[in-house]
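This report refers to the structure that appears directly beneath it.
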Amino acid sequence: MQIILFNNVSLSMERELTLAELLVQQGYEENGFAVAVNQTFVPRSTYASVCIREGDKVDVIVPMQGG
Amino acid sequence: MWKVGDHVISSRLLLGTSRYPSLEVMREAIEVSGTHVITVSLKREQFGRKEGGPFWDVIKQLPCHLLPNTAGCMNVKDAVNMAYMAREVFGTNWIKLEVIGDTYTLQPDLFGLLEAAKILITDGFEVFPYCTEDLVLWGVDAVLLNTAVAISKDPVRMASAFATAISAGRMAYEVGVMQERQMAEPSTPLLDTPFWQVEK
């Protein structure tokens, strides 16, 4: 079992997943968001090649109001 | 008209999208202001909730350029990361670059700002730096504001008021102001003032 932090909540994965697989599993299939893994931006074009492992911190970043 | 990067923009008011009483009031204030540039930001989504949708649905209907910010970033690495994420989410290379040096006063960290700006400009960004007035001694091309409109008693009318004021200020600048004077001078000609004829 792999434990990660997804949007600051603990999440169990039965095995290592690619970022693309994890996002689909969590319902993120469209555009309109960006992703940081361990507080570093991950370009969308690399989602399928980034492996999410035990202890990783994955944040989905979405638009909000700003000044 | 003024040129920003490869865009020509007519309104010199840039308006923020935060702190309005509702998305509908925000949308109306933006429309009334006539602005062509609105600022936006990013946040981490809360687990199990899809929060960005309603705001994004309103924003993408507006005929405005989006200017994402790096609000809340306290160091170069975070600001640069946020700029990259903003470029991917909003599809623009514009970034209102904020590297905050002091959370109490919101004063920028100018050294961090310059370092982050160099990285981003090299990578194709158009950087709008959040900086203190010592870096803008050459004057200003436009006014960016948010809270003064958003939390006024009537954001829509206040947006109109600021738009009018900024337009008036620009027009006066273009016309050219009068020469500065050291002493008062009456604007009414005193020659043949009637009371000069009165004998005491």
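Read-outs throughout are calculated quantities, based only on the coordinates presented, and are distinct from any laboratory measurement. This structure is a prediction, so every number in the text was calculated from the model and none was measured. Cβ: placed from backbone, ideal geometry, glycine included. Neighbour counts: every protein chain shown.
The table for this structure:
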read-out: For B:120-131, mean number of other protein chain Cβ atoms within 10 Å; value: 0
read-out: Peptide B:36-45 - average C-beta neighbours from other chains (10 Å radius); value: 5
read-out: GNM flexibility winner over chain B from B:130, B:84, B:104 (Cα, springs under 10 Å); value: B:104
read-out: Full-extension gain in nm, residue B:110 to residue B:157, via 0.36 nm per residue minus C-alpha separation; value: 13.4 nm
read-out: Violating pairs (Cα-Cα greater than 31 angstrom) within the set B:96/B:153; B:43/B:153; A:57/B:153; value: A:57/B:153
read-out: On Cα atoms only, tilt of B:76-90 relative to the major axis of chain B in degrees; value: 90
read-out: Choice from B:145, B:97, B:67 showing the highest fluctuation, given a GNM over chain B with Cα pairs closer than 10 Å; value: B:145
read-out: Shielding by partners - mean other protein chain Cβ count within 10 Å, residues of B:8-19; value: 1
read-out: Degrees separating the helix B:155-175 axis from the principal Cα axis of chain B, which is the longest one; value: 60
read-out: GNM top mover of B:112, B:124, B:101 - chain B, alpha-carbon springs below 10 Å; value: B:124
read-out: Between 0 and 90°, nearest 10: helix B:110-122 axis offset from chain B longest Cα axis; value: 70
read-out: Dipole of the stretch B:116-188, positive end: most advanced residue of B:129, B:169, B:183 [Cβ charges, Cα centre]; value: B:169
